[in-house]
Every structure is written in C-alpha cells, then in structure tokens.
1. Given the criterion assigned by TED's automatic domain parsing to the domain that holds residue 76 and closer than 17 Å to residue 106 by Cβ, identify the matching residue among 226, 240, 213, 202.
2. So which residues in region 111-123 are within 16 Å of the chain's Cα centre (by Cα) and surrounded by fewer than 23 Cβ atoms within 10 Å (Cβ to Cβ), if there are any at all?
3. Quick one: in region 170-187, which of the residues that are touching a residue at least 40 places away in the same chain (Cβ under 8 Å) and under 16 Å from the mean Cα position of the chain (by Cα) is surrounded by the most Cβ atoms within 10 Å (Cβ to Cβ)?
4. Could you list, in sequence order, all residues of region 55-78 that are farther than 18 Å from residue 140 by Cα, surrounded by fewer than 22 Cβ atoms within 10 Å (Cβ to Cβ) and not aromatic (Phe, Trp, Tyr)?
Amino acid sequence: MSPWEIILIVLLSVIIVLLVLGVIVYDRFKELMRKQRVGFVLQDEFAGEAPIVFLGDSLTDFYPTGEFYSPYNVANRGIACDTTADVQARLDEVIALRPSHVFLQIGINDLIREGKKLTAEILCERVFKIVDALVAEGIEVTLLSLYPVRRKKYFIVSPAVLNHADNGRVNAANELLAKKAAAAGMEFCNVHAELTDGTGELKKEFTLEGLHLTLPAYRQITRYLLPYVKRAEQTRRDNLCQISEADN
C-alpha cells in the first residue's frame, strides 16, 4: 500500500468518525432541548399572570431576557435548534401560559437546514401559521425580523454553521414578513437593521461564529425593543386592573 493510499484511508476514517460524532452530539443536544421543554412546565408555575413571552430558537434561548427586562413580567420560551415546525409543535404549551403578548423571532434554522429549496414565501407562510394560532387565542403578537448573519472568511466555522443561510435569503424573508405584518395590521420590528455593518453583514463584535449573538448584540436589541416591551407591560397591567375591577 502506497503512502498516499494510507493517507487517504486515514483521512476518510477521520471524516467518518467526525460525522458519527456529529450525529451523536446533535442527537444528545436535541435530547437536552427536549428536557428543556419539559422544564418549562416547571417554570410556568412562577411565570406570573399573563406574562410577556419571547418565543423562538437559540437566538431567543440565549437572550438573557430576565436580566435585560428585569422590571417586567417576561418569560423566555426559546429553545436552541428549533425550527418553525418545532415551535408550532409546542405552541399549546406556550398558549397554556396565557401570555398577554408574544415577541416571536423564528425561521433561521429553516433556512439553514433546508437550503435553497426553501423559498421566502414558504418560510413566511410557516411563521404566520404560528402568528395566526396565537392571535386566534387573543394574544397580541410582535413579529421580529430575522437577524443578519456573517459569512466573512475569518469566521472559519461560519460556512458549516450557516449552511445555505445568507443575508440575501434573510433579507428576502424579512421583506415578505414585513409586508404581511403590515397587511395584518400587526407590529413588525426590524431588529435586523440594528445589527448590520456597512456591508449588510452582522457586525463582527455582535457574533461568536457568524450566527449566534454576543451580549453587546443583545444589549443593542434590548435598546431597540424596550419601548415595545414597556408598552406591552403597561397594556398587560391595564388589562389585569380591568379584570380585577370587573370581578369586584
């Protein structure tokens, strides 16, 4: 066997091992996320009455909403790796919280996993299926734009993490989401614009590897969203007061 054949066999073996490990790690991670979903049931007991809910994937899950919105009754219901289908599947659990308001940010994992076969139109339909289900329960919804990503070369892991998700596809989805939100008369927060650099990419200091966000990014998001959260909290309190007065 020649040295080149040995090298090739070793490389193929390493690739196979890495792929197997990747599958194992992913399955383990999904199991942890399933347990997190179960854990939400325990947290619901302490969520307060008619909470404001942040709902989404890892970009919501890793958002320290408890600290950034500490004066307000906010519950974080983000789960890492979630797609629109995953959120749809656990929507009954969110509705069971009887939230007064939901801030929804979801969709990037759909783009990452399904690649270019997923159109902006289909993604928009999936997001609004969630929106419609919440609105049907009398819950106010504020829809957040998808956040930008960063595919610069010096983020070595970015292509692997982002797969087919790029800012062109993110922007196309955001444009449709904004139009549909306007047609429905609902709030759409273009947080995307708060996070981009001069080239339309996610700012370097705002990301860990091109997708997930740093604390400075979440601080910027909070500064943008705070007026919306304050208004939602005031509405929540006013409604609770009206209910209390009606009961008396």
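The values are calculated or read from the model by the stated rules, or taken from the named source; none is laboratory data. These figures come from a predicted structure and were not determined experimentally. We place every Cβ from the backbone using ideal geometry, glycine too, and count neighbours over all the protein chains shown.
1. 213
2. The answer is 112, 113.
3. Of everything passing the filter in region 170-187, 173 is surrounded by the most Cβ atoms within 10 Å (Cβ to Cβ).
4. Selection gives 58, 61, 64, 66, 67, 70, 71.
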